[in-house]
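Trainee: Sharing a structure here in structure tokens format.
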Amino acid sequence: MSSKIRVGIIGTGNIGTDLLMKVQRSKFLECTIFSGRNLASSGMSKAAAMGVRLSDEGIDIIVREPDLCDIVFDATSAKSHLAHASILEQLGKFVIDMTPAKIGVLCVPEVNLEEAIGSRNVNMITCGGQASIPIAYAISKVHSEIDYIETVSTISSRSAGPGTRINIDEYIEATEKGLKLFCGVSHAKAMINLNPANPAIDMQTTVLVELKNPDIENILVEIEKMVSKIQRYVPGYKLIVKPTFDNGKLLTTVRVQGLGDYLPKFAGNLDIINCAAIEVAEHFAHKKLAKV
């Protein structure tokens, strides 16, 4: 293997800038274009200090210079990605969608990574989806007859930027779609709470499953296996409430603390989806480089 795979990032807000930090320390990736709409933004300033090429043309710079990158992270909005997806497909790019647009193959790395990188557009669902779906999936491996799953993610209001707030409806729809798809359930409900507490809280996600006679011992084994796997790329992902059964409902909770690359450590909601996206990109890049 030689060199690295070139990456373009569209969207220079918190998610895009944090992605940039993670890309630049990767063994397999390098950012060759960081593109948004405002060259004076804090994200652009950070990228400039790192010596990364900048643009205020959004996706247009990649359209004009398609050889700039092989992988494109779209960190804009669900509405914008609806327009970007077909353009990037025509350009033959491997796209990792950070928005809840639900166009591409939904991906949770520890559940369907190989399937996802076989497509050209991978959707990272939502932060709540990346936190909750692995746990729900682990439970479904023990009990396949689940009919209903409910998840509640509580995050600091300080880690919910304009993009998160604009896309709340899409967030709920994408998370519920992922739960149904990966866990084989017919009914799912996803909720998100913004907590204004100061000091800011870490992300916490609770998964509630309706079950009869749960095998708590084996459920815990599967959950702990899953948590260990996710900690490989999200070190701050921790099980804080072990599976507890009461009145026909199984409940368990995880906490997510970020790496603190660009965002505060309490912004685990943004960090987990970025770490998952980097995992997808690196796996794709590793396979591509192995063929060189």
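Trainee: Angle between the Cα long axis of helix 268-290 and the longest principal axis of the chain, 0 to 90 degrees, nearest 10?
Mentor: Approximately 60 degrees, to the nearest 10.
Trainee: If R₀ is 25 angstrom, what is the calculated FRET efficiency for the pair residue 144 and residue 189, using the beta carbon separation as r and rounding to 0.05?
Mentor: The formula returns an efficiency of 0.80 here.
Trainee: For region 259-266, just list the computed ³J(HN,Hα) in residue order, Karplus coefficients 6.51, -1.76 and 1.60, θ = phi - 60°, integers in Hz, with x standing in for Gly and Pro.
Mentor: 7, x, 5, 10, 9, x, 4, 5
Trainee: Residue by residue through region 98-108, which ³J(HN,Hα) values in whole Hz follow from phi under the Karplus form 6.51 cos²θ - 1.76 cosθ + 1.60 (θ = phi - 60°), with glycine and proline marked x?
Mentor: Along region 98-108, the couplings run 8, 9, x, 6, 6, 7, x, 6, 5, 9, 10 Hz.
Trainee: Same structure, new question: According to the square roots a ≥ b ≥ c of the eigenvalues of the Cα gyration tensor, what is the shape class of region 194-252, taking rounded for a/c under 1.5, prolate for a/b larger than b/c otherwise, and oblate for the remainder?
Mentor: oblate
Trainee: Still on this structure, I have one more. Where Rh denotes the Kirkwood radius from the mean inverse Cα pair distance, what is Rg over Rh for region 19-78?
Mentor: With Rg and the Kirkwood Rh in hand, the quotient comes to 0.93.
Trainee: Count the net charge of all other residues whose Cβ sits under 13 Å from the Cβ of residue 213, scoring Lys and Arg as +1 and Asp and Glu as -1.
Mentor: Here the count lands on -2.
Trainee: For the chain, what is the charge dipole size about the Cα centre, in debye to the nearest 20, if Lys and Arg each add +1 at the Cβ and Asp and Glu each add -1 at the Cβ?
Mentor: Using only the charged Cβ atoms, the result is roughly 620 debye.
Trainee: Long-range amide H contacts for residue 33: which residues qualify at under 5 Å (H placed 1.01 Å from N, peptide plane, sequence gap of 5 or more or a different chain)?
Mentor: 7, 9
Trainee: Name the residues whose placed amide hydrogens come within less than 5 Å of the amide hydrogen of residue 189, ignoring near sequence neighbours (fewer than 5 apart) on the same chain.
Mentor: Correct list: 149, 150, 151.
Trainee: What are the principal axis extents of the Cα atoms in region 102-168, in Å, biggest first?
Mentor: 36, 30, 17
Trainee: Where does helix 216-230 land angle-wise versus the long Cα axis of the chain, in degrees 0 to 90, nearest 10?
Mentor: The angle comes out at about 10 degrees.
Trainee: Provide the per residue accessible area, probe 1.4 Å, for region 127-267, rounded to a whole number of square angstrom.
Mentor: 47
Trainee: Another one. Report the full-extension gain for the segment residue 83 to residue 283: residue separation times 0.36 nm, less the Cα-Cα distance, to one decimal in nm.
Mentor: 69.4 nm
Trainee: May I pose another question? In sequence order, what are the phi-derived ³J(HN,Hα) couplings for region 166-177 according to the Karplus relation 6.51 cos²θ - 1.76 cosθ + 1.60 with θ = phi - 60°, rounded to whole Hz, with x for glycine and proline?
Mentor: 5, 9, 4, 4, 5, 4, 5, 4, 5, 5, 5, 4
Trainee: With n ≥ 4 as the cut-off for DSSP H runs, can you work out [θ] at 222 nm for the chain, using -39500 (n - 2.57) per run divided by the number of residues, rounded to the nearest 500?
Mentor: Calculated from helices alone, the mean residue ellipticity at 222 nm is -13000 deg cm²/dmol.
Trainee: Now for a different question. How much length is gained if the chain between residue 48 and residue 290 is pulled fully straight, taking 0.36 nm per residue apart and subtracting their Cα-Cα distance, in nm to one decimal?
Mentor: 84.0 nm
Trainee: Report the semi-axes of the equivalent ellipsoid for the chain in whole Å, largest first, where each axis is √(5λ) for an eigenvalue λ of the Cα gyration tensor.
Mentor: 33, 20, 17
Trainee: Excluding residues fewer than 8 places away in the same chain, name every one of the lysines whose C-alpha is closer than 24 Å to that of residue 180.
Mentor: Once the sequence-local lysines are set aside, what remains near residue 180 is 79, 102, 141, 189, 212, 225, 229, 238, 242, 249.
Trainee: Just to confirm a number: summing +1 for Lys and Arg and -1 for Asp and Glu over residues other than residue 33 whose beta-carbon lies under 9 angstrom from that of residue 33, what do you get?
Mentor: +1
Trainee: What aspartates and glutamates does residue 93 reach when the alpha-carbon gap must be under 12 Å and sequence neighbours fewer than 8 apart in one chain are set aside?
Mentor: Within the straight-line cut-off, residue 93 pairs with 67, 70, 74.
Trainee: Could you list which residues have their amide H under 5 Å from that of residue 237, counting only those 5 or more apart in sequence or on another chain, with H placed in the peptide plane?
Mentor: Close amide H contacts, sequence-distant or interchain: 257.
Trainee: Here is a further query. Please report, for the Cα atoms of region 127-267, the Rg to one decimal and the Dmax as a whole number; what are they, in angstrom?
Mentor: Reported Rg and Dmax, both Å: 14.8, 45.
The values are calculated or read from the model by the stated rules, or taken from the named source; none is laboratory data. Treat the numbers as computed from the prediction; the structure is a model and nothing was measured. With ideal geometry, Cβ positions are generated from the backbone for all residues, glycine too; neighbour counts draw on all protein chains shown. We work out accessible area using only protein heavy atoms, side chains counted, and drop any ligands, DNA or RNA first. Shrake-Rupley method; radii C 1.70, N 1.55, O 1.52, S 1.80 Å.
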